[in-house]
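Below: one structure, written as structure tokens.
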Amino acid sequence: MAIKYVPYFPETIDGQAILNNFTRTQRFLKYKDNDGVYNSIAKGMPLYEMESIEKVGENKDNNLVIRGECLSACAYLKEKDIKVDLVYIDPPFASGADYAKKVYIRRNPKVDEAIKKAETELNNDDLKAFEEKMYGDVWNKEAYLNWMYENLLAIKSVMSETASIYVHLDWHIGHYVKILMDEIFGEDNFRNEIVWCYTGVTPSPRAFQQKHDDIYRYSKSNEFLYNPQYVPYKGLHATNVVSHGSNKIADPEETKKLLERGKPVEDWWIDIYTVDRVRKEIADYATQKPEALLERIIKASSNEGMIVADFFGGSGVTATVAHKLKRKFITCDVGINSIQTMRDRLVANKAEFEILEVKDGVSLYRNPQQTMDKLKSLIQGLKNEDGLDKFWEGSIQDSKYGMMPVYIPNLLEGTGRILDTRLVNEIIHNALPDLPENVKKVIVFYIDIDDKKAVDEFIKEQNDTEIEIEFRDLKELLSEVVVDDDVDYEITNNEIVINHFSSDRVQQKIDEYNDKMQAQAIKKGTEYKPLTISGEGLELIEFISLDCTNAEGTWNSDSEIKVEKNNYVTINGEKTKSYWDGKISFNKKPLRMKIRNICGDETIIVIKEQI
Ligand SMILES: C[S@@+](CC[C@H](N)C(=O)[O-])C[C@H]1O[C@@H](n2cnc3c(N)ncnc32)[C@H](O)[C@@H]1O
């Protein structure tokens, strides 16, 4: 008998896994009180219309770059019966950070001298760059794991029977995802936990430096491809290996063979540097991974001609390396900056591919994060309301109805944006009863309605409150505010000269940035010199492409220039050491011109002029 019973630590900490939350039966995890994810899995992957945006080259291998969410990309592949042989994903890590893109204002070819002078007087970066948010990686664990569960199930459904998957994460959430993967792929199909170590200093005075990522490798079945990888032996290691650590004298022939072959790569990788140390690879994409990492993975788990997929493509590293190693590729990302970075990188590497866009309504703005940030300011009259539950985004005052609470779907969470009976049920039974008594009407924004008739009937039957529910389509609101950029040009028989360019969207970002920096400077008692744009505005242009083949539909880039952030111009994918001269040339009459501003918005102009 125990002498006495010592109390456990009495209370669980917020967010801590409670044991009875997990019941482990027959290797399955059950999540208590949350069947949302099961319902949406039972419903299936959302398949949307796809629009072919651009075709680069003949694309005989059917390489794809998909702008949209992983789930919709998988739905499309499944529908088309396309199976992939290897998957690498490096999804958001739930790192709690927001990732920003540094936007570089280019040199204006019309005021070359003035810029040159200014550059010698001011620090390059201060003069020419500002930041904008690309994607947010702030999650609560449960939402992240539910989201990841759906994504992994979708990915598994498009993997061939012999395919492998590598999921790249770190200490933030990797160990939880490992458990999900055990469930989805089966513990028996777990192959490796790879630890990728790198160097650098992070400010963590109360912890060991966190300098590794975890990559979980699973196969779809027991029949999987694995090509062992080798690195050169260093020093005496080879002889040790041959003699197996015993006192046996190593056989010189065997030693020679092993030395030539190299040492089998272990599951901890210390020989692959981060991108900031392999500078020539830098694509200016936050969280970009090095090509050497993908090279090892792709060589180990695929052969030439196989399809390599990455559903969180970022800078396009997987597709680029797959192409270099003569594999086919399918890559996807939800952000327009990622798609443009991949596109330009793949063009520079002479890859052929097609860009498809998922028409799900979320890609309306540059990325869901920016759309979310923008939404509140777009809804006229919307203001914060302290007395309301956080389910509501705020409220609008109306002369007839008084205060009307407003719901906006979370575009960052896959299932949240669909208006279905599940959401209406939550509104009617949880959200409406908690509202103050004087509320007569609420406004619910949606991106997609699952079944409008079912939703209306559900409300009729179940809403026994006096509160009216008004639905509004978010897509209409967003399409109203996306204003194209303005361009003024002249056309001759072999070139287009750009005289003037203006972009309210970029100007707004610059104004916001100037205001922020100004406020910081005042606080610090320093001086801030605001970023200004010339009258011609050509420094806001990043890329121009001419389509001389199609007057509408899929884009065909017959001539293109890209003004790199160092101001050198890349012409048709070939880097040069020249500055842009404000022109683009062509061999055949252009039918359309596409201009991408430095933030990534694209404007298409139909060319009507006779040459
Ligand atoms: C860590 S980054 C990938 C970086 C990439 N491996 C590289 O080396 O450049 C994660 C990417 O996932 C994208 N993303 C976030 N949610 C997504 C979703 N639901 N579907 C597809 N892509 C998504 C983000 O836009 C971001 O580019």
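In region 247-281, the residue that is nearest to Tyr218 (Cα to Cα) out of those that are surrounded by 13 or more Cβ atoms within 10 Å (Cβ to Cβ) and within 13 Å of the ligand (Cβ to nearest atom) is Ile272. Determine the pairs where a residue that is among the polar types (S, T, N, Q), located within region 82-96, has a partner that is more than 9 Å from the ligand (Cβ to nearest atom) with Cβ atoms under 9 Å apart, the partner being 6 or more residues away or on another chain. Between residues of region 82-96 that are among the polar types (S, T, N, Q) and residues that are more than 9 Å from the ligand (Cβ to nearest atom), the close pairs are Ser95/Val138; Ser95/Asp170; Ser95/His172; Ser95/Ile173.
For region 287-311, a tally of residues being open to solvent by 30 Å² or more (accessible area, probe 1.4 Å) and among the hydrophobic types (A, V, I, L, M, F, W, C) returns 3. Out of everything in region 485-542 that is aliphatic (A, V, I, L, M) and exposed (fewer than 12 other Cβ atoms within 10 Å of the Cβ), what residue ends up being nearest to Asn587 (Cα to Cα)? Among them, the one singled out is Ala519. Exactly one residue among Thr549, Thr526 is in a loop (DSSP other than H, G, I, E, B), modelled with pLDDT of 95 or more and either closer than 19 Å to Ile491 by Cβ or not basic (Lys, Arg) (or both), and that residue is Thr549.
Kindly provide the set of residues from region 365-387 that are hydroxyl-bearing (Ser, Thr, Tyr) and at pLDDT below 75, ordered by number. Within region 365-387, Tyr365, Thr371 meet the criteria. Listed by first and then second residue, the pairs with beta-carbon distance under 7 Å, at least 6 apart or on different chains, first residue in region 318-343 and farther than 18 Å from Val167 by Cβ, second of a type in the set (A, V, I, L, M) and modelled with pLDDT under 95, are Gly335/Met134; Asn337/Met134; Thr341/Ala283. Scanning region 566-577 turns up no residue that is closer than 21 Å to Lys110 by Cβ, open to solvent by 40 Å² or more (accessible area, probe 1.4 Å) and touching a residue at least 40 places away in the same chain (Cβ under 8 Å). Scanning region 75-84 for residues that are under 18 Å from Ala319 (Cα atoms) and crowded, with 22+ Cβ neighbours inside 10 Å, we see that the one that is nearest to the ligand (Cβ to nearest atom) is Leu77.
If you check Thr320 against the conditions, is it over 26 Å from Glu150 (Cα atoms), of a type in the set (Val, Ile, Thr) and within 11 Å of the ligand (Cβ to nearest atom)? Yes.
Close contacts from region 447-475, counting a first residue that is within 14 Å of Ile427 (Cβ to Cβ) and touching a residue at least 12 places away in the same chain (Cβ under 8 Å) and a second that is among the aromatic types (Phe, Trp, Tyr) and part of a helix (DSSP H, G or I), with Cβ to Cβ under 8 Å and a gap of 6+ residues or different chains, come to none at all. Scanning region 42-58 for residues that are within 22 Å of the chain's Cα centre (by Cα) and of a type in the set (A, V, I, L, M), which turns out most open to solvent (accessible area, probe 1.4 Å)? For region 42-58, the residue satisfying everything is Leu47.
Taking into account only those residues within region 340-364 that are near the ligand (Cβ under 10 Å from one of its atoms) and open to solvent by 10 Å² or more (accessible area, probe 1.4 Å), which is nearest to the chain's Cα centre (by Cα)? The selected residue is Thr341.
Applying the condition of being in a loop (DSSP other than H, G, I, E, B) and under 30 Å from Glu304 (Cβ atoms) to region 85-101 and asking which residue is most open to solvent (accessible area, probe 1.4 Å) yields Asp90. The set of residues in region 161-178 being open to solvent by less than 20 Å² (accessible area, probe 1.4 Å) and in a strand (DSSP E or B) consists of Ala163, Ser164, Ile165, Tyr166, Val167, His168, Leu169. Flag set for Lys328, criterion: within 30 Å of Ile561 (Cα to Cα), more than 12 Å from the ligand (Cβ to nearest atom), basic (Lys, Arg) and crowded, with 19+ Cβ neighbours inside 10 Å. Put simply, of Ser95, Ser72, Ser52 the only residue that is more than 16 Å from the ligand (Cβ to nearest atom) and hydroxyl-bearing (Ser, Thr, Tyr) is Ser52.
The values are calculated or read from the model by the stated rules, or taken from the named source; none is laboratory data. Since this is a predicted model, take the numbers as computed values, not measurements. Cβ sites come from the backbone with ideal geometry, for glycine too, and all protein chains shown count toward neighbours. SASA here: full protein model, heavy atoms, side chains in, ligands and nucleic acids out. Shrake-Rupley method; radii C 1.70, N 1.55, O 1.52, S 1.80 Å.
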